[in-house]
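**Student:** Please read through the structure below; I'll follow up with questions.
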Amino acid sequence: MAKIDPTARIEDGAVIGDDVTIGPYCIVGPHVVIGAGTTLLSHVNITAQTTIGANCTIYPFVSLGTAPQSLAYRGELTKLVIGDGCTLREGVTMNAGTVGGGGITRVGDRGYFMNNAHVGHDCIVGNDVIFATSATLGGHCLIGDFVFMGGLSAVHQFTRVGSQVMVGGICGVRGDIIPFGLANGQYAHLEGLNIVGMKRRKFTRERLATVRGFYQKLFHGPGVFAERLASVQPSRDADPAIAEILDFIGADKHRALCLPAGSDKS
């Protein structure tokens, strides 16, 4: 049975799951679905067609499903979907999607979003991510699983960040970051591989050596980048991580690739 504070406002049509707790002064709109065991501590605003999974914890002054910050938006009822087991700390904001962008913003399971983090319209965010304080996504970003976004970092709209990437703090991301990459700098450049994250994902010493060798050939070998990319294609079968990186580079894209500082873009 849900526990709802008498000061909360739950509009007709909202679906509230079993064992949900809704604290003081929360506002839940008519098209909202809240999964079982989720807690809204207080002063949480949820609107649009927002669906929140089970066992999430949402802290005060979080705003979910608010209108996309897009000049093309004309008031359409669009969606925000948040997975299970997420923690949204104070002041987190996540916008609903736009019709032109597919109509949905999606956040995966077990995400941890620190205070004032922002997910823009039409973003797709993977599972097990961590967004540090004030980490921000522009619209239409694609963020892989196990990504760590440093505090005060910002990702340009339509940018892709591959799985298991670590982005440093106070970092502006303007190019796509390969899976397993480590990006840093005022305007992000690729500093290497996220070795710490890879070890946490149980990469063996042998696998790390294989992927490191591939990385060195691709980004620091002789010739221009296009030539090096062609030369490392036979490495695809050496490790699943290498195949994932090559597939990421070869996929459709809006942004240039994030490269090491001083690297060519040919």
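Quick note: the coordinates plus some simple rules give every number you see, no bench work behind them. All values derive from a computational prediction rather than experimental measurement. Ideal geometry is used to build each Cβ from the backbone, glycine not excepted, and the neighbour counts take in all protein chains shown.
**Student:** Express the Stokes-Einstein translational diffusion coefficient of the stretch 191-266 in µm² s⁻¹, to the nearest whole number, given a Kirkwood radius over alpha-carbon pairs, 37 °C and a viscosity of 0.692 mPa s.
**Tutor:** Details: Rh = 13.2 Å.
It comes out at roughly 248 µm²/s.
**Student:** If you don't mind, there's one more thing I want to ask. Over the stretch 30-100, what lengths in whole Å, largest first, do the semi-axes of the equivalent ellipsoid take, defined as the square roots of 5 times the eigenvalues of the alpha-carbon gyration tensor? Intermediate values should be presented prior to the final figure.
**Tutor:** Values: eigenvalues 94, 32, 17 Å².
Working from the Cα gyration tensor, I get semi-axes of 22, 13, 9 Å.
**Student:** OK, next. Helix 240-250 versus the longest principal axis of the chain: what angle, 0 to 90°, nearest 10, using Cα atoms?
**Tutor:** 90
**Student:** Ok, one more. Which trypsin sites (Lys or Arg not before Pro) in the stretch 214-266 pass both tests, a DSSP loop state and at most 14 other beta-carbon atoms within 10 Å? Numbers along the way, then the final one.
**Tutor:** On the way: sites: LYS217, ARG228, ARG236, LYS253, ARG255, LYS265; in loops: LYS253, ARG255, LYS265.
Answer in residue order: LYS265.
**Student:** Turning to a different aspect of this structure: When the C-alpha atoms of the stretch 1-127 are aligned to their principal axes, what extent does each axis show, in angstrom, from largest down?
**Tutor:** The principal-axis extents, from largest down, are 39, 29, 21 Å.
**Student:** Another question about this same structure. If you take the beta carbon distance between LEU152 and ARG212 as r and set R0 to 35 Å, what does 1/(1 + (r/R0)^6) give as a FRET efficiency, to the nearest 0.05? All intermediate terms of the calculation are to be shown ahead of the outcome.
**Tutor:** On the way: r = 29 Å, r/R0 = 0.83.
The calculated FRET efficiency here is 0.75.
**Student:** Which whole-number percentage describes the relative contact order of the stretch 171-266, with Cα contacts under 8 Å and a sequence gap of 6 or more? Working shown, then result.
**Tutor:** Numbers: 115 pairs, mean separation 33.9, N = 96.
About 35 percent, as a whole number.
**Student:** Here's a follow-up. Along the charge dipole of the chain, Cβ charges K/R +1 and D/E -1, which of PRO234, PHE61, GLY120 sits furthest on the positive end?
**Tutor:** PRO234
**Student:** Using the Cβ atoms and a cut-off under 14 Å, what net charge is assigned to the surroundings of TYR73, where Lys and Arg are +1 and Asp and Glu are -1?
**Tutor:** Numbers: positive: ARG74, LYS79; negative: GLU76, ASP122.
Around TYR73, the charge tally is 0.
**Student:** Is it possible to state the helix-based mean residue ellipticity at 222 nm for the chain, with each DSSP H run of 4+ residues giving -39500 (n - 2.57), the sum divided by total residues, to the nearest 500 deg cm²/dmol? What is it?
**Tutor:** -4500 deg cm²/dmol
**Student:** Once you list every other residue whose beta carbon is under 14 Å from the beta carbon of PHE180, what net charge do they have if Lys and Arg are +1 and Asp and Glu are -1?
**Tutor:** +1
**Student:** Treating only the Cβ of Lys, Arg, Asp and Glu as charged (+1, +1, -1, -1), what charge dipole size does the stretch 199-250 show about its Cα centre? Round to the nearest 20 debye. If you can, show how the numbers build up before the last one.
**Tutor:** Details: 10 positive and 6 negative charges, 86 e Å.
In total the dipole reaches around 420 debye.
**Student:** Kirkwood hydrodynamic radius of the stretch 110-151 from all distinct Cα pairs, in Å?
**Tutor:** Hydrodynamic radius (Kirkwood, Cα only) of the stretch 110-151 equals 9.9 Å.
**Student:** Could you give the radius of gyration (one decimal) and Dmax (whole number) of the Cα atoms in the stretch 133-264, in Å?
**Tutor:** Rg, Dmax (Cα atoms, Å): 14.0, 41.
**Student:** Dipole size in debye (nearest 20) for the chain around its Cα centre, Lys and Arg Cβ +1, Asp and Glu Cβ -1? Don't jump to the answer; show the numbers that get you there.
**Tutor:** Numbers: 22 positive and 22 negative charges, 143 e Å.
Around 680 debye, computed over the chain.
**Student:** Restricting to bridges with both residues inside the chain, how much of the DSSP beta-bridge set is antiparallel, in percent to the nearest 5?
**Tutor:** Numbers: 4 of 60 bridges.
So the antiparallel bridges in the chain amount to around 5 percent.
**Student:** Also, I was wondering about something else. For the stretch 77-232, what proportion of DSSP beta bridges, expressed in % and rounded to the nearest 5, is antiparallel?
**Tutor:** Working: 4 of 34 bridges.
Here the share of antiparallel DSSP bridges comes out near 10 percent.
**Student:** Quickly rank 110-120, 181-191, 199-209 as a protection proxy: mean count of other C-beta atoms within 10 Å, highest first. Write down the numbers at each step before the final one.
**Tutor:** Details: 110-120: 22.3, 181-191: 18.9, 199-209: 12.5.
Going by the mean number of other Cβ atoms within 10 Å, highest first, we get 110-120, 181-191, 199-209.
**Student:** How charged is the neighbourhood of ILE245? Take every other residue with its Cβ under 15 Å from the Cβ of ILE245, and add Lys/Arg as +1 and Asp/Glu as -1.
**Tutor:** +2
**Student:** Go ahead and collect, in residue order, the members of the stretch 225-266 whose backbone nitrogen is under 17 Å from a label point 7 Å along the Cα-Cβ direction of THR204.
**Tutor:** 237-242
**Student:** Once you have the Kirkwood Rh of the chain from its Cα pairs, apply Stokes-Einstein at 37 °C and 0.692 mPa s and quote D in µm²/s.
**Tutor:** Values: Rh = 19.3 Å.
Roughly 170 µm²/s, to the nearest whole number.
**Student:** Working from Cα positions, state the angle (0 to 90°, nearest 10) between the long axis of helix 205-220 and the longest principal axis of the chain.
**Tutor:** Between helix and principal axis, roughly 70 degrees.
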